[in-house]
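Following: one structure in structure tokens, then a few remarks.
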Amino acid sequence: MAFCLFVVLLVLDQAVKSYVSATMVLGESIPVIPGVFHFTYILNPGAAFGMLENQRWFFILAGMAIIAAFLYYYPRLRRQVAWFHYGCVALLAGAVGNLIDRIKDGLVVDYLDFRIWPVFNIADIAIVLGVASMIYALMYKMKDMDD
């Protein structure tokens, strides 16, 4: 099941990025709900909110470190509560999705634009939800195992 989650998130992320890159002009913004939600095609040279702009090798090495740590710890992760286990898988899928962009082009394709937040992508959603799931597990679910 974890492998399926990883594949679905990664394929969905890469497919939408490919579609956006092939059908939109860089900087183009298509209103879905005008003033609220747009598809806006940008290339992000940094991390969240454009932080650490143009640090391609740092992000490539960080992504590879996440993959290595995941593979090393996976036998233990599989035995953790589902919230933690699947959170780690979602985090990995998002990291790999953005890593593919960085290796391929040096930039990450972003396209989800809610106008009050920087533009982001499905990989970013996977990372955020993965970390949130891990935090939830650490705060509430893994604590229950000690009782």
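The values are calculated or read from the model by the stated rules, or taken from the named source; none is laboratory data. Just so we're clear, the structure is a prediction, and the values are computed from it rather than from any experiment. As a convention, Cβ positions derive from the backbone with ideal geometry for all residues, glycine included, and neighbour counts pool all protein chains shown.
Please work out which residue is nearest to the chain's Cα centre (by Cα), limiting yourself to region 16-39 and to residues that are among the small types (Gly, Ala, Ser) and at pLDDT 95 or above. For region 16-39, the residue satisfying everything is SER18. Which of the residues spanning region 53-64 are at pLDDT below 85 and either within 14 Å of ASP110 (Cα to Cα) or loosely packed, with under 14 Cβ neighbours inside 10 Å (or both)? GLU53, ASN54, TRP57, listed by residue number. Any residue at all in region 14-34 that's under 18 Å from ALA123 (Cα atoms), out of contact with any strand residue (DSSP E or B) (no Cβ under 9 Å at 6 or more places or on another chain) and in contact (Cβ under 8 Å) with a residue 12 or more places away in the chain? There is at least one residue in region 14-34 that is under 18 Å from ALA123 (Cα atoms), out of contact with any strand residue (DSSP E or B) (no Cβ under 9 Å at 6 or more places or on another chain) and in contact (Cβ under 8 Å) with a residue 12 or more places away in the chain.
Screening GLY97 on (1) of a type in the set (Gly, Ala, Ser); (2) over 26 Å from GLU28 (Cα atoms); (3) surrounded by 15 or more Cβ atoms within 10 Å (Cβ to Cβ) shows it passes everything except condition (2). Could you identify the single residue in ILE42, ILE100 that is hydrophobic (A, V, I, L, M, F, W, C), at pLDDT 95 or above, over 15 Å from the mean Cα position of the chain (by Cα) and outside any loop (DSSP other than H, G, I, E, B)? Sole residue among the options that is hydrophobic (A, V, I, L, M, F, W, C), at pLDDT 95 or above, over 15 Å from the mean Cα position of the chain (by Cα) and outside any loop (DSSP other than H, G, I, E, B): ILE42.
Of the residues making up region 65-82, those that are surrounded by 10 or more Cβ atoms within 10 Å (Cβ to Cβ) and over 19 Å from TYR140 (Cα atoms) are ALA65, ILE66, ILE67, ALA68, ALA69, PHE70, LEU71, TYR72, TYR73, TYR74.
Could you grab me the full set of residues in region 17-36 that are under 14 Å from ASP110 (Cβ atoms) and either in contact with a Pro (Cβ under 8 Å, 6 or more places away or on another chain) or in a loop (DSSP other than H, G, I, E, B) (or both)? MET24, LEU26, GLY27, GLU28, listed by residue number. The set of residues from region 2-31 being β-branched (Val, Ile, Thr) and exposed (fewer than 11 other Cβ atoms within 10 Å of the Cβ) comprises just one member, VAL25.
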